[in-house]
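Just so it is clear, none of the values below were taken in a lab; they were calculated from the coordinates. A quick note: this is a predicted structure, and the numbers were derived from the prediction, not measured. Cβ coordinates were reconstructed from backbone atoms using ideal geometry, including for glycine residues, and neighbour counts include every protein chain displayed.
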Amino acid sequence: MSELSVEGRDAVDGCLVMKFGGTSVQDAAAIRRLCQLVRRASPQRPLLVISALAKVTDQLMNAGWAAAEGRLDAARESLQVLRQRHEAVASGLVGGDEYGRLRNEFAREFDALAAVSSRIAWEKAFTPHAQDQLLGAGESLSSKLVHAALRATGVDAVLVDARECIVTDAAHTRATPLWDETNQRLQAVLLPLLKSGQTPVMGGFVGETRDGIPTTLGRGGSDFSASIVGAGLHARRIEIWTDVDGIMTTDPVLCPDARRVARMSFDEAADLAYFGAKVLHPATLVPAMRSNVPVWVLNSRNPDCAGTEIVSHCEADGTVKAITSKAGVAVVDIEPVRWFAPELLREVFDVFERHQHSLDLLSASRGSLALLVSSVTALPSIAEELKGLANVRWENHKALVCLVGEQIRRHPELASQAFRAIGDIDVRMICQGASERNISFLVDESRAVEAVQRLHRSFFSAPGPEPAIESSSSQAMCQAEGAWQ
């Protein structure tokens, strides 16, 4: 990732990137709260990254699939409902000529979306390219609403098309930024605006190739956009505004007594995101981590709450910071027909890569290989390709329950405490991450919630860690060799 020039650093030192998620822009009331937060932050030179209104991306996706299945009328009806929703939000924010201007903008956007849906119906395929064209509109629409609302409250906001700034490869629906070009564009487009005291407003999630073809960064990619912008402009900090008070010790829906984690490291937060926590997109932290820009997770409905600060390094006190679970996991057992050799391992990886099938965890022994995967769609084809070399079997409906905290692997008493908490739950695999930051348990999906609740009571409701004892578990402990995406 390229470094900013000295001139660029001088121009933007102290700028603040504020990313607002879907629930923080879901209606006119939420956007008015956003405007108050931006006005309060105005001395810090804020730059806004905006998600689509809550549920809009899902609705656009459903419209695309309806068109591909030949239900064009249903797709058009969905688009009409979305248009009416955006117009209703606009009417609660602005009036007069500004409202008329927004309605005309929306009319043009939805006419373009209708044309995309017609093409999908004609081709009978919702291709990744078409998905990027359709889904990227959500952020474009919401950023226009926020821009208009800010202008109406006296903020000198300027609308920026994120596709002018974020240059990506052509991997539609999961594009990767081309870092040098993206940083150059960010500086060229945004620095003059920030230097003049204006507040840029841009949609998240979207980019475009060098040839100007629209792309998206993957679901939840608005977080990633904020991190890209914050890192590229050497921001003072990145704020991720959501509808929760920060990163919690576990999902508060499962455990109402979940606590806010005041501070954690980039690595801890990345592990939590990778293993199922929903607050952050797994890729969010990578640019910020590389550029050492702190990230804060804050609640737009409770802005006075301190939130969670995510920084490069935290004190490694060997305590569990949080517990999460990842459902929909399958365990794949690969047993060689003759013998286990490095050549078989390479072939297994090659086959999974050809099928674009990511691996969550790996455990190897002398005679077999166990893999954890998040999708079983391609497994029959993978098994067929490996036929003659290995027998492939898999079990569905598993969940990976994960304890996260710096250096917890160095504290065996924590594993003993966890075993006692879930001792009567059948554990298929116990994995200690190579990073020393996580201990994971593979359980039946039907018992994942119970496992999380028991572990949370043990680590966060008890007065303190229990003394270590010998585990009576008969399950093998495996050292995870890492994770692939």
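Points to keep in mind about this one:
- Helical contribution to [θ] at 222 nm, DSSP H n ≥ 4, -39,500 (n - 2.57), averaged over the chain, rounded to 500: -12500 deg cm²/dmol
- Separation of the residue 253 and residue 315 label points, Cα + 7 Å toward Cβ, nm: 3.5
- Net lengthening on full extension, residue 69/residue 343 (0.36 nm per residue, minus Cα-Cα): 94.3 nm
- Counting all C-alpha pairs of the range 148-206, share separated by more than 16 Å (%): 50
- Two-decimal ratio, the range 222-324, of alpha-carbon radius of gyration to 2.2 N^0.38 Å: 1.00
- Listed by chain and number, the lysines whose C-alpha is less than 17 Å from the C-alpha of residue 326, apart from same-chain residues fewer than 8 away, are 278, 398.
- Mean Kyte hydropathy of 0.5 or more with a Cα span along the axis of at least 15 Å, helices from DSSP in the chain: 221-232
- Stretchable slack from residue 355 to residue 426, in nm (0.36 nm times residue separation minus alpha-carbon distance): 22.4 nm
- Equivalent ellipsoid dimensions for the range 275-354 as semi-axes, Å, which come from the Cα gyration tensor, largest first: 39, 16, 14
- Pairwise inverse Cα distances across the chain, averaged and inverted, put the Kirkwood hydrodynamic radius at 24.2 Å.
- For residue 196 and residue 41, the difference between the fully extended length at 0.36 nm per residue and the C-alpha to C-alpha distance is 54.2 nm.
- Given charges at beta-carbon only (K, R positive; D, E negative), |dipole| of the chain in Debye: 900
- Inter-probe distance in nm under a simple model that places probes 7 Å from Cα toward Cβ, at residue 301 and residue 236: 2.9
- Local electrostatic count at residue 95 - Lys and Arg +1, Asp and Glu -1, tallied over other residues with Cβ under 15 Å: +1
- Å³ per residue enclosed by the Cα convex hull of the range 66-221: 111
- Distance between modelled label sites at residue 127 and residue 335, nm, 7 Å Cα→Cβ extension: 4.4
- Taking a sphere under 15 Å around the Cβ of residue 321 and counting the other residues whose Cβ falls inside, with K and R at +1 and D and E at -1, yields a net charge of -3.
- More than 13 Å apart - percent of Cα-Cα pairs taken over the range 204-249: 64
- Packing-based exposure ordering (other Cβ within 10 Å, fewest first) of 397, 281, 411: 397, 411, 281
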